[in-house]
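The values are calculated or read from the model by the stated rules, or taken from the named source; none is laboratory data. None of these values were measured; they are calculated from a predicted model. Positions of Cβ are backbone-derived with ideal geometry, glycine not excepted, and every protein chain shown enters the neighbour counts. Please note that ligands, DNA and RNA were not included when accessible areas were found on the heavy atoms of the full protein model with its side chains. Shrake-Rupley method; radii C 1.70, N 1.55, O 1.52, S 1.80 Å.
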Amino acid sequence: MRWTFICWILSLYSVRAYPQNISTQDFFMMSQPDVNKLIDSARRHAYPLVRALPADYVTNGTVDYRYYIQHAIDQHAVVAFPPFPVLINDSGLTIHSHQLIFFPPGSLIKLLPSKQPGYQILRIHDVEHVAVFFPHIVGDASQHLDNKGEWGMGISIRGSRDVLVYHPDIQYCWGDGIYIGDEKNPVSREVKIMGGNIAHNRRNGISVISADSLIIDSTVLSFNTGTWPKAGIDIEPNVFSNTIDHITLNRLHTYGNYAGIIINLNALNTGVKPVYPQITIQDPVDSASTFGLWFVKIRPNKTNTNLVQGEIQVIHGRWMRNSTPVLINDYLNQHLGPRVQFLSR
């Protein structure tokens, strides 16, 4: 039933039909007009999650409704959050393949204060064809019940493919606003984040750990600080088997972070064969971060070889009121890592 319904929704704006249990919809490649049509269809036809709440539900975000919300998400492909704050506990919510999640005006997920070192408020793990529209999430960074850990994520995308996050508003998470990495599948592929505001998270606005074909476009990332690395965006694989390739950061505005954008590819230099990451940073703007753009120098490996090749292009960057607009000298002096080009229009 779930697959049939989502196919019907998508067919409303003349996309191809596909079998009940196989989606051919490609959210990653959608044009803005098609995204607008999809939003309109989701708004009109989504299952309202308010129907899943108990009869005496409250609308002030003071009662934990995680169980009811998750049960409805498990049953329906296209869902709309209630138009009021909803409290959930640190078990978080799991999103499935071929699913559309819509947040109407007034909707908000609030996290019940947690003592866990890590959590995922929205979990998108080892799935495909997922779109989340206007997610509004507030974590527990100001009310966390312990001081351990740094892994409380607003949206966690791991090992997934074809994921669209449209105009997120994510604040005060114990770790990152959005985390993009590996799970059972070793890399997340074809992930697009469009617009939105990610602010006041304790570690990073967005962490990119393992991704191939990632676009982050026109997102504002501010005041993400509290524990290292304290960046608007941190591209930093954990191990050499992670993938960093075809990464595009487009028209981002970072401000008030310790670093606007960090590129730290050290882990990729600890493997056994060369890798060729391609990263494009186009029209970045940073204001009032300590570092606008920080290239972390790559440490020599045991064989004294440069395994991290590829190229990083920075096109028409603007940095204002920084202690150091671009921190790169140590990186360049090491003669390791991808070639870096600064280009103007």
TODO: Return the residue satisfying two criteria in turn: it lies in the stretch 87-109 and is touching a residue at least 40 places away in the same chain (Cβ under 8 Å) and not in a loop (DSSP other than H, G, I, E, B), and of such residues it is nearest to Gly159 (Cα to Cα).
DONE: Gln99
TODO: Confirm whether Thr290 is more than 21 Å from Pro229 (Cβ to Cβ) and either open to solvent by 70 Å² or more (accessible area, probe 1.4 Å) or of a type in the set (Val, Ile, Thr) (or both).
DONE: no
Open item on the list: Among the residues in the stretch 200-210, are any open to solvent by 10 Å² or more (accessible area, probe 1.4 Å), at pLDDT 95 or above and of a type in the set (S, T, N, Q)?
Closed with: no
Task: Residue under evaluation Asn224, criteria (1) over 13 Å from the mean Cα position of the chain (by Cα); (2) open to solvent by 10 Å² or more (accessible area, probe 1.4 Å), criterion not met - done: (2)
TODO: Answer yes if at least one residue in the stretch 49-63 is surrounded by 13 or more Cβ atoms within 10 Å (Cβ to Cβ), under 14 Å from Gln99 (Cβ atoms) and at pLDDT 95 or above, and no otherwise.
DONE: yes
TODO: Note down all Cβ pairs under 7 Å where the first residue falls in the stretch 296-325 and is basic (Lys, Arg), the second is part of a loop (DSSP other than H, G, I, E, B), and they're at least six residues apart or on different chains.
DONE: Arg321/Ala288
Task: Filtered residue count, the stretch 297-322, keeping only those that are polar (S, T, N, Q), open to solvent by 70 Å² or more (accessible area, probe 1.4 Å) and at negative phi - done: 1
- [ ] Give me the pairs, please: first residue somewhere in the stretch 262-290 and without any contact (Cβ under 8 Å) to a residue 40 or more places away in the chain and within 21 Å of Gly337 (Cα to Cα), second residue anywhere and polar (S, T, N, Q) and surrounded by 20 or more Cβ atoms within 10 Å (Cβ to Cβ), beta-carbon distance under 7 Å, and either six or more positions apart or on two chains.
- [x] Ala267/Asn242
Open item on the list: Against the condition surrounded by 17 or more Cβ atoms within 10 Å (Cβ to Cβ), more than 22 Å from Ser188 (Cα to Cα) and of a type in the set (S, T, N, Q), how does Asn257 come out, does it pass?
Closed with: yes
Task: Residues of the stretch 127-167 classified as open to solvent by 50 Å² or more (accessible area, probe 1.4 Å) and either on the phi > 0 side of the Ramachandran plot or not in a loop (DSSP other than H, G, I, E, B) (or both), total - done: 6
Task: Filtered residues of the stretch 66-80 (kept if open to solvent by 10 Å² or more (accessible area, probe 1.4 Å) and either closer than 15 Å to Leu108 by Cβ or in contact with a strand residue (DSSP E or B) (Cβ under 6 Å, 6 or more places away or on another chain) (or both)) - done: Arg66, Gln70, His76, Ala80
- [ ] Could you figure out which of (1) within 28 Å of Glu190 (Cβ to Cβ); (2) open to solvent by 30 Å² or more (accessible area, probe 1.4 Å) isn't true of Pro338?
- [x] (2)
